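The values are calculated or read from the model by the stated rules, or taken from the named source; none is laboratory data. Here the structure is a predicted model, which means the values were calculated and not measured. A quick note on method: Cβ atoms are made from the backbone with ideal geometry, for glycine too, and the neighbour counts reach across all protein chains shown.
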């Protein structure tokens with residue numbers, strides 16, 4: 001008797017879509033082998049997807065492939081899910097857990113721009129950062145976290161395009177030293193700003209992938225140095241890493 005389980009039918013349909021998305025156009029026999037289903041079942045699934053305009057068949061090669069309807073749905077989802085709205089509950093929670101200011105930034109060329117900021121309700125000190133302000137990538141915690149997720153070639157290009165100079169006595173201006181630091185960030189999973197951009201302010205930061213899997217955003221916990229001691233950083237490290245994990249899960253990316 002033919003299987004009528006609606007859950008199994010849905011699973012097979014989505015498995016077919018995901019398989020075509022991963023491996024590209026293919027014939028009926030190849031697809032049935034890949035899905036471990038008989039040709040009759042796969043042919044029926046493909047006909048249904050063709051009727052709904054999710055799959056098309058090349059009249060010459062007879063191979064099946066996904067249509068751009070999938071892309072249209074993806075774009076609609078992206079348009080309705082703004083990163084600020086998605087991340088806000090998580091960075092708000094992080095601000096309350098740490099009692100400090102949390103920033104969300106986006107890459108803008110050789111800089112990062114603040115696109116959201118949450119200050120803990122109990123914090124007595126307000127930082128001068130503001131939404132819309134830019135900050136260099138090479139000398140900021142968020143910038144270094146983002147660059148650590150880029151290729152060495154991309155980092156070199158950003159470095160060469162930046163006006164490298166000491167904003168404070170702690171700003172790193174030697175490229176080899178900077179790359180050694182990038183290696184540590186890649187190993188640890190987070191970066192620090194040790195008064196490199198602004199005297200008296202330290203932060204811990206992590207990068208976030210975009211909906212397309214590219215390093216595009218970052219979050220940081222920032223505070224005056226007397227409230228961002230090495231002991232505090234050890235406490236905040238698991239909190240910010242967990243926040244990163246949850247945001248990435250929300251947007252469909254793995255940490």
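Quick notes on this one:
- Residue in the stretch 89-110 that is touching a helix residue (DSSP H, G or I) at 6+ places or on another chain (Cβ under 7 Å) and free of Cβ contacts under 8 Å to residues at least 40 places away in the same chain present: no
- For the stretch 235-251, the criterion of a residue being in contact (Cβ under 8 Å) with a residue 12 or more places away in the chain, part of a strand (DSSP E or B) and in the same structural domain as residue 88 (by TED's automatic domain parsing) is satisfied by no position.
- Across the stretch 155-187, the number of residues qualifying as in contact with a helix residue (DSSP H, G or I) (Cβ under 8 Å, 6 or more places away or on another chain) and closer than 22 Å to residue 214 by Cα comes to 10.
- Within the stretch 202-222, the residues that satisfy the criterion of being surrounded by fewer than 23 Cβ atoms within 10 Å (Cβ to Cβ) and in contact with a strand residue (DSSP E or B) (Cβ under 7 Å, 6 or more places away or on another chain) are 209, 210, 215, 216.
- Of all the criteria given as (1) part of a loop (DSSP other than H, G, I, E, B); (2) touching a helix residue (DSSP H, G or I) at 6+ places or on another chain (Cβ under 9 Å); (3) at pLDDT 85 or above, the one not satisfied by residue 125 is (3).
- The number of residues in the stretch 151-179 that are under 23 Å from residue 201 (Cα atoms) and surrounded by fewer than 12 Cβ atoms within 10 Å (Cβ to Cβ) comes to 6.
- Identity of the residue in the stretch 42-77, closer than 24 Å to residue 251 by Cβ and in contact (Cβ under 8 Å) with a residue 40 or more places away in the chain, that ends up farthest from the chain's Cα centre (by Cα): 66
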